[in-house]
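Visitor: I am attaching a structure below and will ask some questions about it afterwards.
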Amino acid sequence: MYLVVVTALAFALDAVFGDPRWLPHPVVAMGRAISWAEPRLRAAFPDSPAGRRRAGRVLAACLPAASFCLVWAALALLGAISPVARFAAEVYLCYQLLAACELRRQSLAVARALATGGVGAARRAVGMIVGRDTSSLDAAGCIRASVETVAENASDGVIAPLLYMMIGGAPLAAAYKAVNTLDSMVGYKNPRYIDFGRASARLDDAANWIPARVTALCMVAAAPLAGLSASGAAGAWLRDHASHPSPNAGHPESAVAGALGVRLNGPGVYGGVLVQKPYVGDATRQIEPEDVARTCRLMYAASMLALAAAAVIRLAICLAAR
């Protein structure tokens with residue numbers, strides 16, 4: 001019951017307050033730790049493919065483990081002082097590890113920028129939330145990139161942390177976010193990170209394997225709640241999820257594409273290289289700025305459904321264990 005209350009309160013706090021810029025953020029600390037450790041680990045191992053892979057494995061093992069242990073120890077210390085202090089700290093930490101409100105804010109900023117400043121402003125806004133080259137995107141491309149970002153991050157930014165919180169509270173959620181942050185910083189298939197980041201990328205794939213599929217399932221179930229098509233979401237998910245180069249991202253992205261009735265993905269420029277991603281979904285209509293808000297509604301509906309389902313399962317397990 002404790003973790004159900006903690007997770008629900010954290011989700012509510014994120015929905016109301018988001019990520020105030022003035023608050024220190026654990027993910028920022030993780031990013032700084034990665035930036036500090038990378039050159040030192042590279043220097044400690046031979047500059048060869050095998051050496052870089054060993055250095056990357058050390059980083060991929062140490063950061064999540066350190067994140068788990070630090071949070072666990074801090075909460076244990078607070079618990080020894082006051083159970084109320086521990087509870088408040090765990091709620092706060094879990095709240096900080098969720099990104100639904102910030103994801104909604106930044107994605108809607110793309111649609112607003114397009115409406116008020118045109119394609120140039122939209123390119124700058126979407127460049128804040130995607131890793132691709134945005135200089136050649138047209139208006140539809142900016143909206144499509146924003147929708148894809150919400151779809152993918154509905155899993156690793158919202159639903160996956162919620163599930164890990166429900167299992168192991170703030171320590172396990174912090175370890176998961178460390179894995180996710182590692183992948184976002186070093187898990188690239190480019191000359192710099194193809195070896196060093198391999199372990200981080202594979203660990204992220206493993207950590208998101210179940211959450212990505214749970215997210216897609218929840219999106220199908222929640223689509224009517226968001227005024228979208230459940231049958232379209234289910235059809236596109238089952239048909240197109242495997243066409244995505246990522247073993248996980250294709251699940252929520254194809255479900256969103258089908259729910260909206262639009263086509264997502266396709267060619268994109270990453271690091272100056274044109275990448276031919278297969279399309280997901282069907283172009284039953286042209287994508288439009290309002291699709292960003294629709295995707296955000298679907299993200300919240302699916303997240304609340306996942307939270308409710310996880311809470312019911314956890315409570316049932318607790319009752320059965322008595």
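Visitor: Quick one, can you get me the convex hull of the C-alpha atoms of region 201-269 expressed as volume per residue in Å³?
Guide: Considering the Cα atoms of region 201-269, their hull volume per residue is 85 Å³.
Visitor: Ranked from the most accessible area to the least, with a 1.4 Å probe and all protein chains present, what is the order of ASP19, ASP282?
Guide: ASP282, ASP19
Visitor: Please give the direction-averaged projected area of the C-alpha convex hull for region 202-322, in square nanometres with one decimal.
Guide: Answer in nm², one decimal: 9.0.
Visitor: Are there trypsin sites (Lys or Arg not before Pro) in region 1-94 that DSSP marks as loop and that have at most 10 other Cβ atoms within 10 Å, and which are they?
Guide: Filter output for region 1-94: ARG21.
Visitor: For the chain, set up a GNM with springs between Cα atoms under 10 Å and report which of PRO211, PRO49, PRO161 has the largest fluctuation.
Guide: Per the Cα network of the chain with a 10 Å cutoff, PRO49 tops the list.
Visitor: Separate question: Please work out how much accessible surface THR215 shows to a 1.4 Å probe, ignoring ligands, DNA and RNA, in Å² rounded to 10.
Guide: The value for THR215 is about 0 Å².
Visitor: If you take every residue apart from LEU97 with its C-beta less than 14 Å away from the C-beta of LEU97, what net charge results, scoring Lys and Arg +1 and Asp and Glu -1?
Guide: Taking every Cβ under 14 Å from that of LEU97, the sum is -4.
Visitor: Give the relative contact order (percent, whole number) for the chain; include only Cα pairs under 8 Å separated by 6+ residues.
Guide: The normalised contact order for the chain reaches 20 percent.
Visitor: Rounded to whole Hz and in sequence order, give me ³J(HN,Hα) for region 19-27 from the Karplus expression 6.51 cos²θ - 1.76 cosθ + 1.60, θ = phi - 60°, writing x for Gly and Pro.
Guide: 10, x, 4, 7, 8, x, 10, x, 5
Visitor: Using only Cα positions of the chain, each an equal point scatterer, no hydration layer, compute I(q)/I(0) via Debye at q = 0.09, 0.14, 0.15, 0.16 Å⁻¹ and quote the log10 values to two decimals.
Guide: Taken in order of the listed q values, log10 I(q)/I(0) reads -0.47, -1.14, -1.28, -1.40.
Visitor: So how exposed is SER35, as accessible area in Å² (1.4 Å probe, rounded to 10)?
Guide: 70
Visitor: Another question about this same structure. Take the Cα atoms of region 115-180, find their three principal axes, and give me the spread along each one in whole Å, biggest first.
Guide: Principal axes ranked by extent give 45, 17, 16 Å for the Cα atoms.
Visitor: Return a whole-number percent for the relative contact order of region 87-178, with Cα pairs under 8 Å and 6 or more residues apart as the contact set.
Guide: 34
Visitor: Now for a separate question. Using a 1.4 Å probe and ignoring any ligands, DNA or RNA, find the accessible area of LEU305 and quote it in Å² to the nearest 10.
Guide: Answer for LEU305: close to 60 Å² accessible.
Visitor: Quick one: pull the percent of accessible area on the chain belonging to carbon and sulfur, 1.4 Å probe, ligands and nucleic acids left out.
Guide: Carbon with sulfur: 66 percent of the solvent-accessible area.
Visitor: Compare TYR95, TYR279 by solvent-accessible area with a 1.4 Å probe and give them largest first, with all protein chains kept in place.
Guide: TYR279, TYR95
Visitor: Given LEU260, ALA302, HIS244, which one lies farthest toward the positive end of the charge dipole of region 221-321, if we put +1 on the Cβ of every Lys and Arg and -1 on the Cβ of every Asp and Glu?
Guide: Selected residue: ALA302.
Visitor: Given Cα pairs under 8 Å that are at least 6 residues apart, what percent is the relative contact order of region 193-267?
Guide: 31
Visitor: Sort all Cα-Cα distances of region 60-144 into consecutive 5 angstrom bins from zero, then give the percent of pairs in each bin up to the one containing the longest distance.
Guide: Distribution as computed: 3, 13, 16, 12, 9, 9, 9, 10, 10, 6, 3, 0 percent.
The values are calculated or read from the model by the stated rules, or taken from the named source; none is laboratory data. Because the structure is predicted, anything quoted here is derived from the model rather than measured. No Cβ is skipped: glycine too gets one built from the backbone with ideal geometry, and neighbour counts run over all protein chains shown. Accessible surface is based on the protein model in full, side chains and every heavy atom, while ligands, DNA and RNA are left aside. Shrake-Rupley method; radii C 1.70, N 1.55, O 1.52, S 1.80 Å.
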